[in-house]
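The values are calculated or read from the model by the stated rules, or taken from the named source; none is laboratory data. It should be emphasised that the depicted structure is a prediction, and the values quoted were computed from it without experimental measurement. All Cβ positions, glycine included, derive from the backbone under ideal geometry; neighbour counts span all protein chains shown.
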Amino acid sequence: MILSKKIRLKPNKTQESLLWQSTRTARFIYNWTLGRQKENLVLIEKVGWIKTLEQLPMDRKYCNPRISFDGKYWYISVGLDVEKPIVELTDKSIEIDLGIKDLAICSTGKIYKNINKTKRVKKLKKTLNRFQKQVSRKYYKNNGGENRYQKSQNILKLEQKLRLIHRRISNIRANNLHRVTNEIVKTKPSKIVIED
């Protein structure tokens, strides 16, 4: 079984410029290069040794490494070969109905609320709309002349704020999905049936 592991990188400025050239691409990293790690350091070809926030396991075989940027931090994702644990399942089956008003309704009677309807996400969407309007106005002001597509420092700052808000909303949604799926799987049903 292949288990995915995502670890945050802490590159310096020159390493970050090299990482920008390889974002969202599969990096050809030899197992021996990843095996030659030091304490919280990993060697990536054409970039060099980069600090990590946590240590990659040393006694595993790695596959499919990827470098990604989420708007704030750099990450390396690798697949690790692990043995599949043996889990005893119950004889129950769970039917799940996905909806718009509610995220999911289980046959056990449990209703999972849609995270997009909460005050927290609605407030973030409202600020996102406000910043998008500001960026649009700034681009509209630059519309005439030779530098109509040139970005000013204020536009760059607003775009950074937009990226961070998008990142925060996606993290809230991903956290909610992980929480819900984890809660469903912890009941250890023999079958899970999903209806759209």
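At pLDDT below 85 and either under 30 Å from Asn12 (Cβ atoms) or in contact with a Gly (Cβ under 8 Å, 6 or more places away or on another chain) (or both), is that true of Gln160? Judged against the criteria, Gln160 is not a match.
In the range 10-25, the residues that are in a helix (DSSP H, G or I) form Cβ pairs under 9 Å with partners that are at pLDDT below 80 and not aromatic (Phe, Trp, Tyr), at six or more places apart or across chains, as follows: Gln15/Ile44; Leu18/Ile44; Leu18/Lys46; Leu19/Ile44.
For the structure I just gave you, tell me whether Lys138 is at negative phi, part of a helix (DSSP H, G or I), of a type in the set (Lys, Arg) and not assigned by TED's automatic domain parsing to the domain that holds Lys72. Yes.
The one condition from (1) more than 30 Å from Asn176 (Cβ to Cβ); (2) modelled with pLDDT of 90 or more that Ile44 does not meet is (2). For the range 96-141, residues that are acidic (Asp, Glu) and under 25 Å from the mean Cα position of the chain (by Cα) total 1. Exactly one residue out of Asn147, Asn142, Asn154 is surrounded by 14 or more Cβ atoms within 10 Å (Cβ to Cβ) and either among the aliphatic types (A, V, I, L, M) or modelled with pLDDT under 95 (or both): that is Asn142. Based on this model, can you work out whether Ile165 counts as in a helix (DSSP H, G or I), touching a Ser or Thr at 6+ places or on another chain (Cβ under 8 Å), on the phi < 0 side of the Ramachandran plot and outside the structural domain of Phe69 (by TED's automatic domain parsing)? Yes. In the condition set (1) in contact with a Lys or Arg (Cβ under 6 Å, 6 or more places away or on another chain); (2) not assigned by TED's automatic domain parsing to the domain that holds Lys188, Phe131 is compliant with all but (2). Inside the range 56-109, residues that are assigned to a loop (DSSP other than H, G, I, E, B), out of contact with any Asp or Glu (no Cβ under 7 Å at 6 or more places or on another chain) and surrounded by fewer than 16 Cβ atoms within 10 Å (Cβ to Cβ) make up a count of 23.
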